[in-house]
1. About the Cα centre, and with charges only on the beta carbon of Lys, Arg (+1) and Asp, Glu (-1), how big is the dipole of chain A? Nearest 20 debye, please.
2. Could you size up the charge dipole of the protein assembly as shown around its Cα centre, putting +1 on the beta carbon of Lys and Arg and -1 on that of Asp and Glu, and report it in debye to the nearest 20?
3. Note down the relative contact order for region B:87-136 as a percent, whole number, built from C-alpha pairs under 8 angstrom at least six residues apart.
4. Just want to confirm a number: the relative contact order over chain B, from Cα pairs under 8 angstrom separated by 6+ residues, in percent.
5. Using alpha carbon centroids, what distance separates region B:1-79 and region B:90-148, in Å?
6. For region A:326-421, what is the charge dipole size about the Cα centre, in debye to the nearest 20, if Lys and Arg each add +1 at the Cβ and Asp and Glu each add -1 at the Cβ?
7. Report the dimensions of chain B along its three principal axes from the alpha-carbon atoms, largest first, rounded to Å.
8. If a/c stays under 1.5 just call it rounded; otherwise compare a/b with b/c (prolate if a/b is bigger, oblate if not). Do that for region B:1-42, with a ≥ b ≥ c from the square roots of the Cα gyration tensor eigenvalues.
There are 2 protein chains.
Amino acid sequence: MRSEWVARRRGQANVTQMHFARQGVITEEMEYVAQRENLPPELIRSEVARGRMIIPANINHTNLEPMCIGIASRCKVNANIGASPTSSGLAEELEKLKLAIKYGADTVMDLSTGGGDLDEIRTAIIQASPVPIGTVPIYQALESVHGKVEKLSAEDILHVIEKQAQQGVDYMTIHAGILIEYLPLVRHRLTGIVSRGGGILARWMLAHHKQNPLYTHFRDIIEIFKKYDVSFSLGDSLRPGCLHDASDEAQLAELKTLGQLTRMAWEHDVQVMVEGPGHVPMDQIEFNVRKQMEECDEAPFYVLGPLVTDIAAGYDHISSAIGAALAGWYGAAMLCYVTPKEHLGLPNAEDVRNGLIAYKIAAHAADIARHRPGARDRDDEMSRARYNFDWNRQFELSLDPERAREYHDETLPADIYKTAEFCSMCGPKFCPMQTKMDAEALSELEQFLAAQPTG
Amino acid sequence: MRSEWVARRRGQANVTQMHFARQGVITEEMEYVAQRENLPPELIRSEVARGRMIIPANINHTNLEPMCIGIASRCKVNANIGASPTSSGLAEELEKLKLAIKYGADTVMDLSTGGGDLDEIRTAIIQASPVPIGTVPIYQALESVHGKVEKLSAEDILHVIEKQAQQGVDYMTIHAGILIEYLPLVRHRLTGIVSRGGGILARWMLAHHKQNPLYTHFRDIIEIFKKYDVSFSLGDSLRPGCLHDASDEAQLAELKTLGQLTRMAWEHDVQVMVEGPGHVPMDQIEFNVRKQMEECDEAPFYVLGPLVTDIAAGYDHISSAIGAALAGWYGAAMLCYVTPKEHLGLPNAEDVRNGLIAYKIAAHAADIARHRPGARDRDDEMSRARYNFDWNRQFELSLDPERAREYHDETLPADIYKTAEFCSMCGPKFCPMQTKMDAEALSELEQFLAAQPTG
């Protein structure tokens, strides 16, 4: 459907949603998003114009079903997929994409660093994806110079960015905020720099004693993004990699620069979201969200977790879903999932499933806590199904119906138990949901109580 | 070791830790707990005397390794085990106990309602357990009248309570706070009463139009508890079973009564903790914790989750770990775990493991957020091991070392990879932890930067 929409815009100097929004135009994408979110189209337009919401929608990603990221709308979830040199390939990555969409990923990032032809994997993913695709172009730029960081030039990077923009990538992580003068600030950290892209730029700056080329060429990137409507996802290269390093001077210095870059992109009507940590103790999460809003003029905040402890290897989807739920409640617009394999290896299909469901829980809990209209409707319907022992309806309403059914059927597989007034947890006599007190019995009780002498 | 300690106390009219604490005595149990918590023994004594901490330690549970529950100490985690009539038996329950202890359960509740001889299962569990064992005696009382609620008498219940106290149960859930006059308050709920014990008492009161026998006989229970030092775990029969019902009039009315019962038990130096919800949206959790502290004079709060959404069937260990982490941060003293099977069936061994680790994460994250001294030490050690690519040390420091190792080895099993500077997630060239910037390079950079013209 988008082919027609974008056909009319081709050839214009600036085709971004923000550009149209600021001219007062409600695009087809905005209409579509408004319907999905059950919000007025004019609200979508004004939020996009204000920069508080983005619609990542490259004009070359025509099979995209547009969605939005911003505090006025539902909290979103991103799933990372991507092959690494030691694991996986095209077929498996397409399988992960399918799974990610099945389990409710709102956007997907292809973080491939190897395992096949990167362009082939990326274009296959874009063509197969109804959700926005994000990338980190510095990875491919590094591949283009055979992994030799010091050989990288600004031209190499811009070349890769333009190629990926042409391919239809909807948003790109650009690590332009890590400046050479911030590098000494990581000296007191336990885990230094833990952003892959940020680490590449840090090594480049250290080798050349020159400023970050993504920073010095930020205007060039803006020009590319205007032509295709690629959204910035400003990378937080200096995000903390452990609780010890959270909210430190290095992180906050970069955040200030990300705010400046946000405003620079906005001057050219280019859409921006800002990436955030990482590893943060629970009591510092609200500060992190508020600080980002303040420094970046409320550009959508896109956080990775954060993990609220460092010792949960194998269960970091849980330790980070706790932080993500809090971040979403405080106002983060999108949560980047973390899988159980984080810190240990490349996730497989089952890890993608587990990571995503953990994050759907976090985002949904955040929507409820923010009192978004209708956010609790599905929960209430589930509660009615529970009270009525309608097991099939309970499975349907679950975030992962197959898993719910599988767990129930593990002990009571027969069809007859799908209407039974119990499950194997408490058995036939002890299910508390059987405690039905009908209206008549309660009325009788009230009359009885009213007739008692008080005091 | 406890046999000697308790031998000297036998025959005294009141053998509770609170009784000794209020007489200024630091018991062996308090000394032991002080060592475990790295806190002064006098602080433990004064907190127990004040009622803000309990040491659940039945004098007949002599193989117990005493622990404490209270806001001055680490946040604790409880695991429920127990056979139900449709599933499991003694051998499997003992296996679950072993697992629960292995994965760090601080206390264990035996919620058996069938599947074998209840006394046999309970005594076997107590004898095998170094951690406090809790029970809900109303379940066995109901079994003793063959499941016919209306046949239950106060004498039946007191008989079971005394028997279980003799057997060495350390704390018991007593649903004394649900009063007959509160029953009409559940009329507007979606899921009515979801406490198993509470439901039994509600049906009894509705059948007899008489006050809750646990309430009318609360003094008798106190007398039993004094003799054995059983701690009250005051049950929240009217806890919400879904987000819709959270923090409603019924729940808060019962909480007020739980406060009165707390003070009544304290008059007799009997230890008390208070149970809490359940299903609560994130933005109501702080209110729930503060309200309990206020109504119950800061008696330790022992919460079940709470779940922050109702639609996560199959993943309720995650939806509830989010709420539990928040509750612990706000001041809950113990978190009752929820397994992935919640609402679907009786948990098996793997469910116990997954539920417990989720809750160890929540409790630990809460300790960090509360800034307990030393709470982050293990996290920092983990971060150093990560930065140094010491994989074996990382596994050791994880909450579930076997799981961490298994996940890592899934893609890179060979021994050589235990010192490799990468894992399969990013591959050999992209691991961000490789971005080591040595002190010398940073000093050089600083000199270079200092020599640049400013502005």
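Each reported figure results from applying straightforward, stated rules to the coordinates on display, with no laboratory input. Computed from a predicted structure; not experimentally measured. All Cβ positions, glycine included, derive from the backbone under ideal geometry; neighbour counts span all protein chains shown.
1. The dipole of chain A has a size of about 760 debye.
2. Dipole size: approximately 600 debye.
3. 48 percent
4. 14 percent
5. So the separation of the two Cα centres works out to 22 Å.
6. It works out to roughly 400 debye.
7. On the principal axes, chain B reaches 86, 52, 49 Å in Cα extent.
8. It is oblate, given that a/c is not under 1.5 and a/b is not larger than b/c.
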